[in-house]
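For reference, the structure discussed in these notes is given below.
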There are 2 protein chains.
Amino acid sequence: MKKPLDVLISNNKVRALSFLGDIRGKKPLFICTIATTETAKIKGISAAGENPEITDFTPPADSELLLLGKCKCIPGVPITPDGIPTPALITMSALQLADIPVVVASGGVRIKPHIPLLELGGIPGKDISTGKAVENVDEVIQRAKIAGANFAKTTDYLVIGESIPGGTTTALGVLLSMGINAEGKVSSSLPQNPHKLKIDTVNAGLSAKGECFGSLAKDPINAISFFGDPMMPVFVGMVLGAAERVPVLMGGGTQMSSVLAILKALNPKILSNVAIGTTRWITDDPTSDLAGIVAQISDVPILAADINFSNSRFDGLKAYERGIVKEGVGAGGAAIAAMAKTEGEITKDILLKEIEKNYESLMGMK
Amino acid sequence: MKKPLDVLISNNKVRALSFLGDIRGKKPLFICTIATTETAKIKGISAAGENPEITDFTPPADSELLLLGKCKCIPGVPITPDGIPTPALITMSALQLADIPVVVASGGVRIKPHIPLLELGGIPGKDISTGKAVENVDEVIQRAKIAGANFAKTTDYLVIGESIPGGTTTALGVLLSMGINAEGKVSSSLPQNPHKLKIDTVNAGLSAKGECFGSLAKDPINAISFFGDPMMPVFVGMVLGAAERVPVLMGGGTQMSSVLAILKALNPKILSNVAIGTTRWITDDPTSDLAGIVAQISDVPILAADINFSNSRFDGLKAYERGIVKEGVGAGGAAIAAMAKTEGEITKDILLKEIEKNYESLMGMK
């Protein structure tokens, strides 16, 4: 009998099981898309960094962690203002355990990581409250599409993750402008989800640009350009290029619903070959509603890695159970891929032990 | 019975046949390393561009050809001063026919191609006659090594090619400083090999730096830094990272002997998993001696794609039989990989027809 995977299914069980069956025992390539924006520097909007100014360092540091096993552009690892470590720790542990290769693709970062970096012609994003968030969207999508199509020829399937501070606010901007009711439904890396600050920021952008709820439903390129972030064109292009040939696991929380809305507007057929891979902390989150947003767009399956840090030896990890961080850097997708690749040999317990080992060594406790 | 491949073996027949057997029917990833240098702008040194100044555009244009099927940063395709088209035309035709994926990795280019580009922290090279050719060599090698190790997990083997004008002169610089007798033995894209100009350029660099023949035999990093080019650290790092796990076909002419010398100095064991893949125009070339240089370094096999343009409908292609261009952009390696992947279904005749079709359409004749 096949070993069960520690993966929860939160909707569309038939397609979810079929997707899991398709990737079981197969070899994935993990792509981490990164970008930075000025939106993340709005006070109180993101916990992806010790303070707002330092969010520019979080995506490069996260990607160094994945490729080097340690950060070079900052000491230690990225942490929240409360000292809780980046979810890249989960991603790194899962990818290393299952020997899954990584490519980091940039949509535009202010600080360059000390790693091989796939550049796609993007630059860092501006504050979406100006209504002028992202440049060069169409060109970056085209380049990412070419990269995705080429990577799809080398591997059984792709797992794509993201590291972009402030990403749920830009997701909200794209979702609302495209007519998806996501108010009060996007997730947060903070334990107290700052829904009001996010909606105020998006509304400022909509006003500045003379747009309103749903006015860009058929114009995803402008939805990104005005209210999105530079991770989006890279992520979207990669899926467009790859999912015609291989399955794609979109690793992330509520941000993935904005990517889904864009994909649906650009090429709805592609959605038959994708699933969202996230963490239990997202699907259990009472302050957000991933499934509720996704249901308005498509019936793509949502898979959640059943990781649980309740019994961790470390308070910094236990904090995840109080709703801090929750997801990011494709943590859920990487965990699912590690379990699927090894056909269940990697369990949630084995993964936790590896995460604790890496946490201990990276935080200089050992 | 297995279909024979249109591949010639020019040395070490046992290992060559074993290498060909290993890659037969297998799925490769093609990596095109690109860089530009001021060395290429020395008048009369390179034919990789209509004139010396335009050599900055040749590598980006070549890589656009591979990924987009057309150039964006220049009209048409790169040509020699005589109007003979870039060997990227061969590479592109081979890779497209055999559905082989491509990644372009930059060591430093002045003009950015309109494609996904893997950046490794390098910058364009200076004129080697100054003795200060390449910056950041060690760091670029480390980054490329990480990239190579990750790509090796996604594919059965790697084929690595290069596009760098002036590359045989910088190869000569590295070879002589490392004590390999390569004077009068490196190849040229020009029909009249400018051996004297090349050796004068290298000697100027050696004098400027107070080095001499063989003085850097055990210091390959400085050999590149002083007299090499920025393609080298990328190529070397990729091989170091990949060849521990999968075979690597080093696609190129006499430049590959400089890469081989560097690899031998850094990690000689790695050479057991590599072969050189080139064209018949290189192994038949009376003005250069690839085998003679390689024999001084290692007994890695040299494979040559048995392509022949004598019967082409186009004078621009027939010119290859007069010794113009000869090799570049991994043309030989890509042709061998296309033949091997399809187990001989792609023959030299099928390849020529595809090249002619692409030549016709890209040169606007049809």
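The values are calculated or read from the model by the stated rules, or taken from the named source; none is laboratory data. Keep in mind the model is a prediction, meaning the values are calculated, not measured. Glycine also receives a Cβ, built like all others from the backbone with ideal geometry; neighbour counts cover every protein chain displayed.
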Residue, farthest from A:VAL140 (Cα to Cα), within the range A:4-43, restricted to residues that are within 14 Å of chain B (Cβ to nearest Cβ) and in a strand (DSSP E or B): A:PRO28
Does B:MET178 count as under 19 Å from the mean Cα position of the chain (by Cα) and either within 14 Å of chain A (Cβ to nearest Cβ) or at pLDDT 95 or above (or both)? no
Please determine, by comparing only the residues of the range A:148-163 that are of a type in the set (Gly, Ala, Ser) and buried (at least 24 other Cβ atoms within 10 Å of the Cβ), which one is nearest to the other protein chains (Cβ to nearest Cβ). A:GLY148
Quickly run through the range B:1-32 and pick out the residues that are more than 18 Å from the chain's Cα centre (by Cα) and of a type in the set (Ser, Thr, Tyr). B:SER18
Residues in the range A:241-255: is at least one among the aliphatic types (A, V, I, L, M), under 20 Å from A:ILE180 (Cα atoms) and assigned to a helix (DSSP H, G or I)? no
Determine, yes or no, whether A:GLY166 is on the phi > 0 side of the Ramachandran plot, away from chain B (no Cβ under 14 Å) and surrounded by fewer than 24 Cβ atoms within 10 Å (Cβ to Cβ). no
Pull up the range A:68-94, narrow it to residues that are surrounded by fewer than 23 Cβ atoms within 10 Å (Cβ to Cβ) and either of a type in the set (A, V, I, L, M) or touching a strand residue (DSSP E or B) at 6+ places or on another chain (Cβ under 6 Å) (or both), then point me to the one that is farthest from the other protein chains (Cβ to nearest Cβ). A:ILE84
For the range B:308-347 the number of residues that are of a type in the set (A, V, I, L, M) and within 15 Å of B:ILE9 (Cβ to Cβ) is 4
Count of residues meeting criterion [touching a Phe, Trp or Tyr at 6+ places or on another chain (Cβ under 7 Å) and without any contact (Cβ under 8 Å) to a residue 60 or more places away in the chain] in the range B:91-129: 0
Reported set for the range B:157-182 where residues are assigned to a strand (DSSP E or B) and farther than 24 Å from B:VAL109 by Cβ is B:TYR157
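Starting from residues that are assigned to a helix (DSSP H, G or I) and among the small types (Gly, Ala, Ser), keep the ones in the range B:95-147 and report whichever is nearest to the other protein chains (Cβ to nearest Cβ). Let's see the steps before the verdict.
Start the filter on the range B:95-147 by keeping residues that are assigned to a helix (DSSP H, G or I), which leaves B:95-97, B:128-130, B:137-147.
In the following step, the residues that additionally are among the small types (Gly, Ala, Ser) were identified as B:129, B:144, B:147.
Numbers: B:SER129: 31, B:ALA144: 7, B:ALA147: 4 Å.
The selected residue is B:ALA147.
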Against the definition (more than 26 Å from B:LYS185 (Cβ to Cβ) and crowded, with 24+ Cβ neighbours inside 10 Å), how does B:ILE355 come out, yes or no? yes
Residues being farther than 30 Å from B:GLU38 by Cβ and not polar (S, T, N, Q): count how many of those fall in the range B:96-110. 5
Just checking, which of A:ASP138, A:ASP200 is surrounded by fewer than 19 Cβ atoms within 10 Å (Cβ to Cβ) and within 30 Å of B:ILE111 (Cα to Cα)? A:ASP138
So, in the range A:31-44, how many residues would count as being surrounded by fewer than 23 Cβ atoms within 10 Å (Cβ to Cβ) and touching a residue at least 12 places away in the same chain (Cβ under 8 Å)? 4
